[in-house]
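Remarks on the structure that follows.
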Amino acid sequence: MNFDKYYPFKAVPLSYDIKALCPDISEYTLYFHHDKHYCGYVDKLNSLIEHSPLMQNIPLEGLAMTEDKDIRTNAGGIYNHELYFASLTPQYREPSAAMLGKMNASFGSAEEMMKKISGAAMGITGSGWVWLAEDRKGRLDILVTKDQDTIDLDKYTPLLNIDVWEHAYYLDRQNRRAEYIKSVMNIINWVGAENRSNFT
Ligand SMILES: [Fe+2]
């Protein structure tokens, strides 16, 4: 995935059919999530920086880590959601042997890693994100960010993320976040995660 993007930003269409993630994530949820929430961040960021040549010269990743809260929130809203939609797939495949090796080295086992990801997602108060990321030595880490904050992209390469805002699941699951997290695990795009790694 190429995040080396500059103003004006354009919404990226889903790479799968809007119904393709059913029953784990409904068409209704995906429509609002992609077409309303995500596209809303694209429009908002473009309007925030339309008169700022300085900001227009900063790539999306930089804007997602800037100090200006409004710009950071909306750039993060783009960056985080593009990774999230790419972190899901209707064609689930188990992690490769190489990826499993990385999970074992970092967490002891894939099961332990999944348990930690679920625990991190359940532990978020309010809105936020869980990330599986790789540090500069190739070690995997699980990180949490609040609101639309992105992880430190100078220190980590994000492999996948999970949106833990209520809008990601409320229409389907109401307040049953654990069900949503379990569903997401059924549709994680491990091939995409491995492709983002610098070490496999
Ligand atoms: Fe979201």
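The values are calculated or read from the model by the stated rules, or taken from the named source; none is laboratory data. All of these numbers come straight from a predicted model, not from anything done at the bench. Ideal geometry is used to build each Cβ from the backbone, glycine not excepted, and the neighbour counts take in all protein chains shown. For the accessible areas, the whole protein counts, side chains as well, though only heavy atoms, and no ligand, DNA or RNA atoms are used. Shrake-Rupley method; radii C 1.70, N 1.55, O 1.52, S 1.80 Å.
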Unique match (being open to solvent by less than 80 Å² (accessible area, probe 1.4 Å) and within 16 Å of the ligand (Cβ to nearest atom)) among Phe9, Phe32: Phe32
Condition check for Gly76: part of a helix (DSSP H, G or I), within 21 Å of Asp154 (Cα to Cα) and within 16 Å of the ligand (Cβ to nearest atom): yes
Set Asp70, Asp43, Asp17: member being open to solvent by 70 Å² or more (accessible area, probe 1.4 Å), in contact with a helix residue (DSSP H, G or I) (Cβ under 7 Å, 6 or more places away or on another chain) and either assigned to a helix (DSSP H, G or I) or more than 16 Å from the ligand (Cβ to nearest atom) (or both): Asp70
Hits in the range 145-169 - residues which are within 15 Å of the ligand (Cβ to nearest atom), more than 14 Å from the chain's Cα centre (by Cα) and without any contact (Cβ under 8 Å) to a residue 40 or more places away in the chain: Glu166
Checking Ser87 against (1) surrounded by fewer than 17 Cβ atoms within 10 Å (Cβ to Cβ); (2) within 16 Å of the ligand (Cβ to nearest atom); (3) not acidic (Asp, Glu), the condition it does not meet: (1)
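Please specify each residue of the range 155-182 satisfying the condition of being part of a helix (DSSP H, G or I) and open to solvent by 10 Å² or more (accessible area, probe 1.4 Å).
Hits for the range 155-182 are Glu166, His167, Tyr170, Leu171, Asp172, Arg173, Arg177, Ala178, Glu179, Lys182.
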Given (1) in a helix (DSSP H, G or I); (2) within 16 Å of the ligand (Cβ to nearest atom), number of the condition Ala98 does not satisfy: (2)
